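Asker: Let me give you the structure first, and then I'll get to my questions.
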Amino acid sequence: MTGEPRRLFALAFDHRSSLRRDFLGLTAAPTADDQARCRELKTVVFEGLVAGAYHVLAHGAEPAILVDQEYGADVIAQAKDHRLTLIVPVEVSGQAELRFEHGDDGFGAAIERVDPSYVKALVRYDPLGDPDLNRRQRARLGRLQGWLDDHGRDWMLEVLVPGDFETTVAKAIDELVDAGLRPAYWKLEGQASAAAYHTVAAATQGIGHCLVLGRGADAAAVERWLRLAAPVSDYRGFAVGRTLWWEPLRAFVHDPDVRDSRHRRAAVAAIAENYRRLVDVYLEAADRAS
């Protein structure tokens, strides 16, 4: 990337397998009604982002939505109408090994069909684990990187490692950078200390910028991570999901009249407030350090 980008605050709602399994409690293939409910939930979360977006823009930052094509087609269209930053994943949800949702030969057409601001790929990567698995995943990510380079597109790489030690994260990033990967953003787990954030950021070797992900942690934990990360120059914001929308959506899901009720409005308002709160936490910590 060239220049210094605005801070980016992404509301992540690209959950698919965990939405079905953990949130809705589905144990079988989703029915048409289940799929409609998933699409409705995506819209409610997006409305929460829209309600909080002006607060972000007023601070010179970039509001963004991370949403999937499987259940988020309506959200994708609305994000474009609102001219919001749109991030779309390309990986199959909930897999131990990275696979592309539309296959090795189909992700390009899927990306061009929705024309996102950024593409996102998630990789579970253990630098001390199976070397053959790591090699395969680096090769797939390299294929994605090549296509994106050829088509002038930027991307976001989410890296999940076993444990929570900064040395493991840093080693994973080292290997991915050495493989030629150059994401615009690294979506990374929260760390326990300011020193750990510096260690992780240094591993990117100046390639792209870092965002803090939420991993479904409670608000207090995520706020602590953001306060530690915000003063680190290579960190430029967050991409947080369940921490923001899980609880507000619970009452909405159990409301028998979800399409026209106070529960929907309350869920949207609560998601917007949670989002604005995390933005303020990040910006206040960054301002104190400047």
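Asker: Looking at Ala192, Ala121, which one is under 17 Å from the mean Cα position of the chain (by Cα), closer than 28 Å to Glu223 by Cβ and aliphatic (A, V, I, L, M)?
Answerer: Ala121
Asker: Does segment 44-58 hold any residues that are under 17 Å from Thr85 (Cα atoms) and surrounded by 16 or more Cβ atoms within 10 Å (Cβ to Cβ), and which are they?
Answerer: Listed by number, the residues that qualify are Val45, Phe46, Glu47, Gly48, Leu49, Val50, Ala51, Gly52, Ala53, His55, Val56.
Asker: Same structure again: Only one of these is under 18 Å from the mean Cα position of the chain (by Cα) and of a type outside the set (Ser, Thr, Tyr): Gly106, Gly52. Name it.
Answerer: Going through Gly106, Gly52 in turn, the sole match is Gly52.
Asker: Now for a separate question. Need pairs with beta-carbon distance below 6 Å; first residue touching a residue at least 12 places away in the same chain (Cβ under 8 Å) and on the phi < 0 side of the Ramachandran plot and within segment 227-243, second among the basic types (Lys, Arg) and open to solvent by 30 Å² or more (accessible area, probe 1.4 Å); sequence gap 6+ or separate chains.
Answerer: Arg236/Arg7
Asker: Taking Phe23 as the residue in question, decide whether it is modelled with pLDDT of 95 or more and either in contact with a strand residue (DSSP E or B) (Cβ under 7 Å, 6 or more places away or on another chain) or at negative phi (or both).
Answerer: no
Asker: Let me ask something else. In this structure, is Ala184 of a type outside the set (Lys, Arg) and without any contact (Cβ under 8 Å) to a residue 60 or more places away in the chain?
Answerer: It is false that Ala184 is of a type outside the set (Lys, Arg) and without any contact (Cβ under 8 Å) to a residue 60 or more places away in the chain.
Asker: Right, next: For segment 110-122, how many residues are part of a helix (DSSP H, G or I), crowded, with 18+ Cβ neighbours inside 10 Å and of a type outside the set (Val, Ile, Thr)?
Answerer: Total meeting the criteria: 0.
Asker: Being among the small types (Gly, Ala, Ser) and not in a helix (DSSP H, G or I) is the requirement here; does Ala12 meet it?
Answerer: Spelling it out, Ala12 is indeed among the small types (Gly, Ala, Ser) and not in a helix (DSSP H, G or I).
Asker: Failed condition for Val281, given (1) modelled with pLDDT of 95 or more; (2) surrounded by 18 or more Cβ atoms within 10 Å (Cβ to Cβ); (3) within 25 Å of Cys38 (Cβ to Cβ), with all others met?
Answerer: All conditions are met except number (3).
Asker: Are any of the residues in segment 7-30 open to solvent by 50 Å² or more (accessible area, probe 1.4 Å), within 26 Å of Asp115 (Cα to Cα) and in contact with a Gly (Cβ under 6 Å, 6 or more places away or on another chain)?
Answerer: yes
Asker: Just to be sure I understand, how many residues within segment 227-246 are open to solvent by less than 40 Å² (accessible area, probe 1.4 Å) and touching a helix residue (DSSP H, G or I) at 6+ places or on another chain (Cβ under 8 Å)? Lay out the reasoning, then the answer.
Answerer: Let us first name the residues in segment 227-246 that are open to solvent by less than 40 Å² (accessible area, probe 1.4 Å), namely 229-230, 232, 235-241, 243-245.
If we keep only those that are touching a helix residue (DSSP H, G or I) at 6+ places or on another chain (Cβ under 8 Å) too, we end up with 229-230, 232, 235, 237-238, 240, 243-245.
Residues flagged as open to solvent by less than 40 Å² (accessible area, probe 1.4 Å) and touching a helix residue (DSSP H, G or I) at 6+ places or on another chain (Cβ under 8 Å) within segment 227-246 amount to 10.
Asker: Right, something else. Would you tally the residues in segment 244-258 being of a type outside the set (Phe, Trp, Tyr) and touching a residue at least 40 places away in the same chain (Cβ under 8 Å)?
Answerer: 5
Asker: Under 7 Å between Cβ atoms, which residue pairs at least 6 apart in sequence (or on different chains) link something in segment 207-225 that is under 17 Å from Ser193 (Cα atoms) with a partner that is β-branched (Val, Ile, Thr) and in a loop (DSSP other than H, G, I, E, B)?
Answerer: That search, which allows pairs on different chains as well, returns Cys210/Thr204.
Asker: Another question, if that's okay. Test each condition in (1) out of contact with any Pro (no Cβ under 8 Å at 6 or more places or on another chain); (2) closer than 21 Å to Leu213 by Cα; (3) not hydrophobic (A, V, I, L, M, F, W, C) for Gly48 and report the one that comes out false.
Answerer: (1)
Asker: Let me ask something else. One residue is enough: does segment 73-88 have a residue meeting the conditions in contact with a Leu (Cβ under 6 Å, 6 or more places away or on another chain), in contact (Cβ under 8 Å) with a residue 40 or more places away in the chain and crowded, with 20+ Cβ neighbours inside 10 Å?
Answerer: The answer is yes; a qualifying residue exists.
The values are calculated or read from the model by the stated rules, or taken from the named source; none is laboratory data. A quick note: this is a predicted structure, and the numbers were derived from the prediction, not measured. Reconstructed Cβ throughout: ideal geometry from the backbone, glycine too, with neighbour counts over all protein chains shown. Keep in mind that these areas ignore ligands, DNA and RNA; they rest on the heavy atoms of the full protein, side chains included. Shrake-Rupley method; radii C 1.70, N 1.55, O 1.52, S 1.80 Å.
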